[in-house]
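The values are calculated or read from the model by the stated rules, or taken from the named source; none is laboratory data. Quantities reported herein were computed from a predicted structural model and do not represent experimental measurements. Cβ coordinates were reconstructed from backbone atoms using ideal geometry, including for glycine residues, and neighbour counts include every protein chain displayed. With ligands, DNA and RNA removed, areas are computed over all heavy atoms of the protein, side chains included. Shrake-Rupley method; radii C 1.70, N 1.55, O 1.52, S 1.80 Å.
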Amino acid sequence: MKRIISLSLVLVLAFTFTACGTTATTEATTEEAVTEEAVVEEATEEVATEEVATEEAITVGVVQTNANESDWRTANTKSFNEAFAEAGFEIKMVFGEGDHAKQISQAQQLIQEEVDYLVVLGLQSAGWEDVAKAAQEAGIPFIMADRKLELSEDLYTAMVCSDFAAEGTKAVDWLKTQALDSYKIVVLGGDTGSSAQLGRSQAIEDGAAANGWDIVFNQNMKGWDETLAKQAVADLIAGGTEFNVIYAENDNMARGACDAMDAAGITYGKDGDVKVIAFDANKWALENVLAGKFNLDVECNPLHGPRIVKLINSLEAGEAVEQNAYVDEEMFDCDTITQEIVDARTY
Ligand code: GYE
């Protein structure tokens, strides 16, 4: 919310001094005139400084998913806070804590508070039309980050997201190269209805159908929860379900699955009986890839802070921006990863 108060103040000050000056000028010496000019100048500078201070306070409302959803989410939240602070933006971040309706009302509240920009990371990809329309009516640019929402292009300004279908396809293509005698796949999905879960799950379901692979278990873990993933795999083992692939839709759930297999004495990873696929590629997870505990980790990059700052600054400057930007991402294979790659990881 930018405030335009300074100009009038400058005018008042200048007028006061000149008025005084007028009567005085006839009487005052050159010196006095110089002093008054200096006073006016100083006042103008002061107000200008104040104007700059108030003018730059761009307020950005960020509708985040859950505070403690995963190590990825923690890195993502940190990236926003650090980049916005560095840019001098005022950040208003709220967390939906697993509740889609709560995110919707939080977004509406931020619109009421007249934020300058609204950035949404949706728990659910569907159901955002009303918020997007309300933002539009209020003249507030609607930006999607991380997860693409189901909105027509006329309802949002820009998006900086990951291509989750492409991430899933990378994993499926890698699985094909493993040429296993049989494929018995356990799918540990993320939050139901989030575009991250939808994209990654669709890819493995299509891949299995196309290649005649068996998906022996396919369930979404509320909140991408590591403990729920561990329990689900422990129950499968206890129930005698045979599997030789874990397709865990984030690093934390992959680690949960490994803990369950450790407890049951089942080998996995590079030299084990079960292939482990994860998504996110946090630094600790890449250490697991290097150690051969995870076979593959498909990157999903959480460092959206600087990307959104760049986007907002372009919009502020009236520059054209790419409406649909996908983050460049790679994957890490236990047969090719190096210590240097792990050391270079910043999250
Ligand atoms: O994979 C998971 C996080 O939206 C891409 O959300 C993100 C996902 C990420 O909690 O770890």
For the chain, modelled as a Gaussian network with Cα springs under 10 Å, which listed residue fluctuates most, ALA278, ALA264, ALA107? ALA264
Where Lys and Arg each count +1 and Asp and Glu each count -1, what net charge lies around ASN244 among other residues with Cβ under 15 Å from its Cβ? -1
Residue order for ARG345, ARG307 - accessible surface, 1.4 angstrom probe, largest first: ARG307, ARG345
Probe 1.4 Å, accessible area per residue of region 202-347, Å²: 44
In nm, give the distance between the simple-model label positions of GLU82 and GLN339, each being 7 Å from the Cα along the Cα-to-Cβ direction. 2.4
With a Förster radius of 56 Å, plug the Cβ-Cβ distance of ALA101 and GLU42 into 1/(1 + (r/R0)^6) and report the FRET value to the nearest 0.05. 0.55
Dipole check, the chain, charges on Cβ (K,R +1; D,E -1), about Cα centroid: among VAL94, ALA208, ASN282 the Cα furthest to the positive pole belongs to ALA208
Give the total of Lys-Lys pairs in region 79-215 with Cα-Cα distances below 27 Å; include a pair only if its members are 8 or more places apart or on different chains. 9
Rounded to one decimal in nm, the spacing of the 7 Å Cα→Cβ label points at ASN68 and LYS92 is 2.7
Using only alpha carbon pairs under 8 Å that are at least six residues apart, calculate the relative contact order of region 240-347 and give it in whole percent. 25
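Using 1/(1 + (r/R0)^6) with R0 = 35 angstrom and r between the beta carbons of SER152 and LYS310, what's the FRET efficiency to the nearest 0.05?
After rounding, the FRET efficiency stands at 0.90.
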Column: log10 I(q)/I(0), Debye, Cα scatterers of region 120-267, q = 0.21 Å⁻¹: -1.23
How charged is the neighbourhood of PHE332? Take every other residue with its Cβ under 9 Å from the Cβ of PHE332, and add Lys/Arg as +1 and Asp/Glu as -1. -4
For ALA238 paired with THR346, estimate the spin-label separation in nm (one decimal), with each label point 7 Å from Cα along the Cα-to-Cβ line. 4.4
Run the accessible area of region 83-155 with a 1.4 Å probe and give the carbon-and-sulfur part as a rounded percent. 46
Checked against the positive end of the charge dipole of the chain (+1 on Cβ of Lys and Arg, -1 on Cβ of Asp and Glu, about the Cα centre), the farthest of GLY256, CYS161, PHE332 is GLY256
Please compute the contact order of the chain in relative form: average sequence separation of alpha-carbon pairs under 8 Å and at least six residues apart, divided by the residue count, as a percent. 15
For region 207-347, what size does the Cα cloud have along each of its three principal axes, sorted from largest down, in whole Å? 61, 32, 30
Where does the charge balance sit around SER152 when Lys and Arg score +1, Asp and Glu -1, over other residues with C-beta under 14 Å from its C-beta? -3
In the Gaussian network model of the chain, springs joining C-alpha atoms below 10 Å, which of ALA210, ALA291, ALA33 carries the largest mean-square fluctuation? ALA33
When only C-alpha pairs under 8 Å and at least 6 residues apart count, what is the relative contact order of region 228-281, in percent? 43
Please give the solvent-accessible surface of THR346 in Å², to the nearest 10, using a probe radius of 1.4 Å with every protein chain present. 120
For a test of understanding, tell me how many lysine pairs in region 266-347 have Cα atoms under 19 Å apart, given they are 8 or more places apart or on different chains. 4
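Using square roots of five times the C-alpha gyration tensor eigenvalues, list the equivalent-ellipsoid semi-axes of the chain in whole Å, biggest first.
Those come to 56, 20, 16 Å.
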Roll a 1.4 Å probe over the protein heavy atoms and report the accessible area of MET331 in Å², nearest 10. 70
Checking VAL321, VAL63, VAL245 against a Gaussian network model of the chain (alpha-carbon springs below 10 Å), the top fluctuating residue turns out to be VAL321
Relative to the present Cα-Cα distance, how much length would full extension add between THR227 and THR267 at 0.36 nm per residue of separation? 12.4 nm
Length released on extending from GLN108 to ASP259, taking residue separation times 0.36 nm less the Cα-Cα span: 50.2 nm
Where the only charges are on Cβ atoms (+1 Lys, Arg; -1 Asp, Glu), what is the dipole of region 134-186 about its Cα centre, to the nearest 20 debye? 300
